[in-house]
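Here, each number is a calculation from the coordinates, and none is a lab measurement. Only a predicted model underlies this, so the values are computations on that prediction, with no experimental measurement involved. Here Cβ is always computed from backbone atoms with ideal geometry, including for glycine, and neighbour counts include all displayed protein chains.
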Amino acid sequence: MSSMATLFTVNSPELAPQLASRFKGHVVALTAVADLLARLYSDRLSGADNYERDLYLVVYCEPKRSAQDASPPASSTLDTLSAAELAHLLEKQFPCFNLSVVTPERAVPAIAELDNYRAKYTQRLTRVTTWMYAKRHDPCSVNMYSMISHLTQVRHSNTEKPRRSYARLISSSLDLRKLIQLPQGKSDDHYWKLLTTWDFCALSLSTCELIWCSYLILKKLAIDADYVISDNDLFLLLLTLETSYHQGNKFHNFRHAVDVMQATWQLCCKLQLHFPKDASVLLVCVAAIGHDLGHPGTNNALMCEENSPVAQLYQKASVLENFHTELFLDLLQDHWPQLLEDRRNVISDTILATDMALHSQYIDQMDEAPSQQPTFLSLIIKAADISNVTRPLEISAKWAVLITCEFNECAALVRELKEGSAEYDAYNTEYDQPLPESVDSILEKFPSIPKGQLIFINAFAEGLFAGLGDYFEELKFLHHNVQANKKFWEGKL
Ligand SMILES: [Zn+2]
């Protein structure tokens, strides 16, 4: 993946050549805001650039308003936005991107400031440290992603009256379906076949295909539950979810979110006899695709130990899960408010249930009344969240590689923070190697995986899946699968 600071000019006069040269030719001239949005989405979907690895600038020439027309136009369109509004829109729609917006008059100082901060973004570990530990009031006017600024922006939009949402504006201006490019000759039938088995492998799908699969599931569930959302609005919601996950995380990314949603949905299908005829399945599946929103690719312990501002806000309790919930409720308020009308607690309760620190509490509740809500839905999403170990061995082993890589990255971060071992420079995760294809080659490259898998299975997975299988005949297969995988790993010790 190429990654290099890009300068976008929108509706702007040509910039001085010496400014453009600071971006080494990465200058993209666009005539309208809609073109900018389409470009950002399609680069992200194709993998051309994820807009997280460098700092990017949009030079935007505001539309002229006549003197007597001082108030904003009554019917705003994408091309009547002020620079501040465009900055706000980009923050809401592309939360994880490092995009700053300036007017042409401000371009020179902004580019100088950008240069000062770019060094911070050259290494993955320095970037993750910034996400987690940056303080709220960074005096810098350059927009660099941090969890605290993301949360501050979300909290601010909840206090705005009237609340500003750009979702409608965007979905009425762009045909979003056109951005989702699927491989030729693949029909919906093909994707349904993948989605309706436990052999589903999110790792073999492109980002566009992941969005398409999510669209198919959610569209169907919305119709079943009699919840109305247009295709274009649903695509925009899914695109916004995708841009709210860090694409560079090895494990906790949009792919994991879609995998957990598919698993959640399949578990709901198998347990349909236990479901009331209401919107529960839709709600828990929606919760699943948002359950790790904005995940930094680390963990609660790292958030708390170094006293990150986000950990302080949540008093160190379920820090990440509270963070995901708060961001996701805000996103749904903009994109699908009907879901929050009377059962918003289903979404927050189930996301909070994914905190593994609470695992034993849920195991205890399972022994009491597993089929009663809210325990029932929480157990389903928990099972889906750790369902990697119940997938067929070839798929399970690939997920194990990814979580191992993420753990190794956390370990490097700890060594750097605690011991100052200067791993920032030595550690290079930018080099994205393709996943090994066979289990044998995985074992060869990652010899610690059998031990790691067994620790996880013994500590968490086996108890949960055995318990679920005892109570629900329909879920016995999960316990069988985890036992088969366990046996295999034991043979490799
Ligand atoms: Zn998860």
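Taking N as the residue count of the stretch 74-134, its C-alpha radius of gyration divided by 2.2 N^0.38 Å amounts to 1.39. The charge dipole of the chain, taken about its Cα centre with unit charges on the Cβ atoms of Lys, Arg (+1), Asp and Glu (-1) only, comes to about 500 debye. Across q = 0.12, 0.18, 0.28 Å⁻¹, the stretch 138-198 modelled as identical point scatterers on its alpha-carbon atoms has Debye log10 I(q)/I(0) values of -0.67, -0.88, -1.15, in the order of the q list.
Put simply, the convex hull of the Cα atoms in the stretch 107-178 casts, on average, a shadow of 7.6 nm².
For V101, the residues 5 or more places off, or on other chains, whose built amide H falls under 5 Å of its own are V58. Building the convex hull from the alpha-carbon atoms of the stretch 1-59 and averaging its projection over directions returns 3.8 nm². Of the GluC sites (Glu not before Pro) found in the stretch 104-170, the ones in coil according to DSSP and having at most 13 other Cβ atoms within 10 Å of their Cβ are E160.
Report, to one decimal in Å, the Kirkwood hydrodynamic radius for the stretch 364-493 based on all distinct Cα pairs. It works out to 16.5 Å. What the Cα convex hull of the chain gives, in volume per residue, is 157 Å³. At q = 0.10, 0.14 Å⁻¹, what is the base-10 log of I(q)/I(0) for the stretch 7-171 according to the Debye formula with one equal point scatterer per Cα and no solvent? Please give it to two decimals. With one equal scatterer per Cα and no solvent, log10 I(q)/I(0) is -0.39, -0.78. Listed cross-link partners K178/K270; K250/K270; K24/K92 are compared with a 32 Å cut-off, the Cα-Cα value being larger for K178/K270. As an equivalent ellipsoid, the stretch 264-390 spans semi-axes of 25, 18, 12 angstrom, where each value is the square root of five times an eigenvalue of the C-alpha gyration tensor, largest first. Here the contact order of the stretch 322-390, divided by its residue count and restricted to Cα pairs under 8 Å and six or more residues apart, works out to 30 percent.
Please report how far the C-alpha centroid of the stretch 110-133 lies from that of the stretch 311-344, rounded to the nearest whole angstrom. When both Cα centres are located, 27 Å separates them.
Compute the helix-to-body angle for 375-385: its Cα long axis versus the longest principal axis of the chain, expressed 0 to 90° and rounded to tens. That works out to roughly 80 degrees.
How much net charge surrounds L174 when only the other residues with a Cβ under 13 Å from the Cβ of L174 are counted, with Lys and Arg +1 and Asp and Glu -1? Its environment carries a net charge of -1. Is the C-alpha gyration tensor of the stretch 181-257 telling us rounded, prolate or oblate? Criteria: a/c under 1.5 is rounded; beyond that, a/b larger than b/c is prolate, otherwise oblate. Oblate, since a/c reaches 1.5 and b/c is not below a/b.
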